[in-house]
1. I'd like the full set of residues that are more than 11 Å from the chain's Cα centre (by Cα) and either of a type in the set (Asp, Glu) or closer than 10 Å to ILE6 by Cα (or both), limited to the stretch 32-42.
2. Which residues, counting only those in the stretch 43-67, are in contact with a Leu (Cβ under 9 Å, 6 or more places away or on another chain) and surrounded by fewer than 19 Cβ atoms within 10 Å (Cβ to Cβ)?
3. On the basis of being surrounded by 14 or more Cβ atoms within 10 Å (Cβ to Cβ) and either closer than 21 Å to VAL33 by Cβ or not acidic (Asp, Glu) (or both), does ILE93 make the cut?
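No value in this document is a laboratory result; all are computed from the given coordinates. Remember, it's a predicted structure, so these values are computed and weren't measured experimentally. Using ideal geometry, Cβ is built from the backbone for each residue, glycine included, and neighbour counts are taken over all protein chains shown.
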Amino acid sequence: MPIKKIMVVDDSPTERAYMEGLLKKKGYDVLVVASGEAAIERAKNDQPDLILMDVVMPGLNGFQATRAITREEKTKHIPVIICTTKDQETDKIWGLRQGAKDYVTKPVVEADLLDKIKALG
């Protein structure tokens, strides 16, 4: 299934704007949300083709939101790529164990991120 609609989940307005600009420039429809809680609700309602999930957020963190999305019947088919500053190998392993399909560290290398999105599409 080709990826057309991507949800960006990040509590930083700067990161959301950067990712939204990068993805829209490549022709993707982009939804932006600022929290893990909002990500779970929007994933159920809007059914994006892919979710780019930050980890460090107030309230529900990205690992918890990823786990909820990938285990919920209505959203478990939606791939999640963790997109975070947490760059330890243990963080990556933990993110993948929560159900993420891939893991990208910030600052995001545009070409790498786009390659990972294409690989899932």
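1. Answer for the stretch 32-42, where residues must be more than 11 Å from the chain's Cα centre (by Cα) and either of a type in the set (Asp, Glu) or closer than 10 Å to ILE6 by Cα (or both): GLU37, GLU41.
2. Correct list: ASP46 only.
3. On the way: surrounded by 14 or more Cβ atoms within 10 Å (Cβ to Cβ): no; either closer than 21 Å to VAL33 by Cβ or not acidic (Asp, Glu) (or both): yes.
Answer is no for this residue.
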